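**Student:** I am attaching a structure below and will ask some questions about it afterwards.
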């Protein structure tokens with residue numbers, strides 16, 4: 001299962017949780033991906049994993 005947006009290529013970000021005592025532990029921030037049916041330019045309908053930013057900014061057209 002891929003954790004990358006098929007439209008913009010947004011993927012997981014990694015960093016550190018830093019406690020008050022400055023202990024550092026690894027963390028991963030995942031993008032908010034949704035499985036949606038999209039309408040391609042060729043008129044074909046297919047499922048894609050798309051981030052909510054692309055859905056909200058109309059970078060895709062949802063299939064009926």
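The values are calculated or read from the model by the stated rules, or taken from the named source; none is laboratory data. Not measured: the values here are computed from a predicted model. Here Cβ is always computed from backbone atoms with ideal geometry, including for glycine, and neighbour counts include all displayed protein chains.
**Student:** Scan 46, 53, 37 and give me the residue that is outside any loop (DSSP other than H, G, I, E, B), at pLDDT 95 or above, under 11 Å from the mean Cα position of the chain (by Cα) and surrounded by 10 or more Cβ atoms within 10 Å (Cβ to Cβ).
**Tutor:** Numbers: 46 fails: under 11 Å from the mean Cα position of the chain (by Cα); 37 fails: under 11 Å from the mean Cα position of the chain (by Cα).
On inspection, the qualifying residue turns out to be 53.
**Student:** Anything in the stretch 30-63 that is touching a strand residue (DSSP E or B) at 6+ places or on another chain (Cβ under 9 Å), over 16 Å from residue 8 (Cα atoms) and without any contact (Cβ under 8 Å) to a residue 24 or more places away in the chain? List them, or say none.
**Tutor:** If the condition is that a residue be touching a strand residue (DSSP E or B) at 6+ places or on another chain (Cβ under 9 Å), over 16 Å from residue 8 (Cα atoms) and without any contact (Cβ under 8 Å) to a residue 24 or more places away in the chain, then 45, 46 are the ones that fit.
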